[in-house]
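Nothing in this text is a laboratory measurement; each read-out follows from the coordinates by a stated rule. For clarity, every value in this text was computed on a predicted model and none was experimentally measured. Positions of Cβ are backbone-derived with ideal geometry, glycine not excepted, and every protein chain shown enters the neighbour counts.
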């Protein structure tokens, strides 16, 4: 049976849009106080207003998570502002796909910085707080959920840089899962297929390239992935969902 998250605090990155935004709403609805982190402050304030209107508690943190000091400050501000930290959802991401001969090193660097380094920069300072929550929190368990991609399981032509970052996220998640399992810090990865978000707007032609690869299909919605996050973190303490792969039903 799913449990409520009353008395817990969650930090969600990439919360200004897409999966991050939907996840923040989902966790707030489950009772968690939520710190929402992204670069676009106006969008964060709009999200916060929606959460507050529904009776939730929210803290907005405008930050560039590719800066290690800013990421650590976001974690510490969450703890100081909301009192603890029980759940992290790393949902911030960037996709710049296309022919390797056309992409630049800067394109690859951007994906590494956001998809991988940013996730590491948030996770490292959060671990002590998550372990403390697992020991003395209301649920005696903590959760770290990383949003990877099916591109973190299967490589494909024209997605080499993105594959590299998402394979890294998936491997990092599994290693942490093994390391902290006995201490009731559950570490999970979600690997979505095609989701209807702004991810495909980051580089011109990305959406068209996906359509060429898979055809016209009905995409997942950001709320679908948020439901998967909710399923993971609301399970009782003795249940750990290690990995969820979720695709549109028509995506092979």
If we count other beta carbons within 10 Å of each Cβ, what is the order of 124, 221, 166, fewest first? 124, 221, 166
Enter the angle in degrees (range 0 to 90, nearest 10) between the Cα long axis of helix 160-180 and the first principal axis of the Cα atoms of the chain, meaning the one along which they spread out most. 30 degrees
With a ≥ b ≥ c the root eigenvalues of the C-alpha gyration tensor of region 40-152, is it rounded (a/c under 1.5), prolate (a/b larger than b/c) or oblate? prolate
Can you sort 79, 189 from fewest to most other Cβ atoms within 10 Å of each residue's own Cβ? 79, 189
Label-to-label distance, nm, for residues given as residue 183 and residue 196 (7 Å Cα→Cβ offset): 4.2 nm
Do you know the relative contact order of the chain, to the nearest whole percent, from alpha carbon pairs under 8 angstrom that are 6+ apart? 21 percent
Once label points are set 7 Å from the Cα along Cα→Cβ at both residue 153 and residue 67, what is their separation, rounded to one decimal in nm? 3.7 nm
So how far apart, in nm, are the two label points at residue 40 and residue 221 if each is 7 Å from Cα heading toward Cβ? 1.9 nm
Please build a GNM for the chain, connecting alpha carbons under 10 Å apart, and tell me which residue among 193, 98, 81 fluctuates the most. 81
Rounding to the nearest 10 and keeping the result within 0 to 90°, find how far the Cα-based axis of helix 41-53 lies from the longest principal axis of the chain. 50 degrees
Taking only Cα atoms, what is the 0 to 90° angle, nearest 10, from helix 222-233's long axis to the longest principal axis of the chain? 40 degrees
If a/c stays under 1.5 just call it rounded; otherwise compare a/b with b/c (prolate if a/b is bigger, oblate if not). Do that for region 9-246, with a ≥ b ≥ c from the square roots of the Cα gyration tensor eigenvalues. prolate
Using only DSSP helix segments of four residues or longer, with each worth -39500 (n - 2.57), what per-residue ellipticity at 222 nm results for the chain after dividing by its residue count and rounding to 500? -13500 deg cm²/dmol
Cβ neighbours within 10 Å, averaged per peptide: list 233-246, 151-164, 33-46 in order, most packed at the top. 33-46, 151-164, 233-246
What's the FRET efficiency of residue 100 with residue 171 using the Cβ-Cβ distance as r and R₀ = 22 Å, to the nearest 0.05? 0.50
Normalised per residue, the volume of the convex hull around the Cα set of region 1-99 (Å³): 107 Å³
